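One structure is given here, and the rest of the page talks about it.
The values are calculated or read from the model by the stated rules, or taken from the named source; none is laboratory data. All values reported here derive from a predicted model rather than from experimental measurement. So basically every Cβ, Gly included, is an ideal-geometry build from the backbone, and we count neighbours across all protein chains shown. All accessible areas refer to the heavy atoms of the entire protein, side chains included, with ligands and DNA or RNA removed. Shrake-Rupley method; radii C 1.70, N 1.55, O 1.52, S 1.80 Å.
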Amino acid sequence: MRIISGIHKGRRIQAPKNLPTRPTTDRAKEALFNILENQYSFSEISVLDLFSGIGSISLEFGSRGVRDIDLVEKNSNCIKHLNKTFEDLNLNVSIDKRDVFLYIEQNKKSYDVIFADPPYEIEKEKLNDLIEIINQNEMLKDEDSQIIIEHSKFLSLEDHPQFIQSRRYGLSNFSFFEKI
């Protein structure tokens, strides 16, 4: 995995092989950030990265100047990797070792971008629950804020009332949802 742009552009990050992750491909990540950089000034936004894994999305946000990044991951080995990687790159983030659903149910902070990359086996109902809990807890700051979910191309979330658009890159889709 490499960081596409920003102060750490081109930096390769090697994650231990034994981590239960499926990192976002460089091609998909580059396409996602091309969309986002037309919507946001990265130095002015806050980001929540759910199901963080090895942190490839948060690393990209941090390299591009986002200063307010919270990550949520429950796997201890992933947490160790995240702490070391962000420390090595001198990127200040908050990492919470907790189940994502517990975190969003208890969270009181709001964000400009909430990115979720759950396991591809997750049921559609659980993803709908995720969006609903985020709404109930008013975790999106304003009407320009959005939830982005990375999921399998075989799952469609287009019937959700907050759905804006979906983009496919290989086996992955990014679905975008607006604040209600």
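Just read off the accessible area of Tyr120 with the full protein assembly in place, 1.4 Å probe, to the nearest 10 Å².
60 Å²
Specify, per residue and in Å³, the volume enclosed by the convex hull of the alpha carbon atoms belonging to the range 80-138.
109 Å³
Averaged over all directions, how much area does the convex hull of the C-alpha atoms of the range 53-96 cover when projected, in nm²?
Reported value for the Cα convex hull: 2.5 nm².
Students often check this: by mean Cβ neighbours within 10 Å, which of 122-131, 157-166 ranks highest, and how do the rest follow?
In descending order of packing, they fall as 122-131, 157-166.
Within the chain, what percent of beta bridges assigned by DSSP are antiparallel, to the nearest 5?
45 percent
Quick one: how many Å² of Asp88 are accessible to a 1.4 Å probe, rounded to 10?
Surface open to solvent at Asp88 totals about 90 Å².
For Lys141, which lysines qualify as cross-link partners when the Cα separation must be under 17 Å and same-chain residues fewer than eight apart are set aside?
Partners within reach: Lys108, Lys109, Lys179.
May I ask you to order 62-69, 73-80 by the average number of other C-beta atoms within 10 Å around their residues, highest value first?
62-69, 73-80
Scan (i) 11.6; (ii) 9.2; (iii) 18.4 for the value of mean projected area of the Cα convex hull in nm² calculated from this model and give just the label.
(ii)
Just the number please: accessible area per residue for the chain, 1.4 Å probe, all protein chains included, in Å².
Normalised by residue count, the accessible surface of the chain is 50 Å².
Can you sort Glu178, Glu150 by 1.4 Å-probe accessible area, starting with the largest?
Highest to lowest solvent-accessible surface, that is Glu178, Glu150.
If the elastic network links every pair of Cα atoms under 10 Å, which of Ile133, Ile35, Ile54 fluctuates the most in the Gaussian network model of the chain?
In this elastic network of the chain, the residue with the biggest mean-square fluctuation among Ile133, Ile35, Ile54 is Ile35.
Among the listed pairs Lys80/Lys153; Lys9/Lys80; Lys84/Lys153, which have their C-alpha atoms separated by more than 26 angstrom in this model?
Check vs 26 Å cut-off fails for Lys80/Lys153; Lys84/Lys153.
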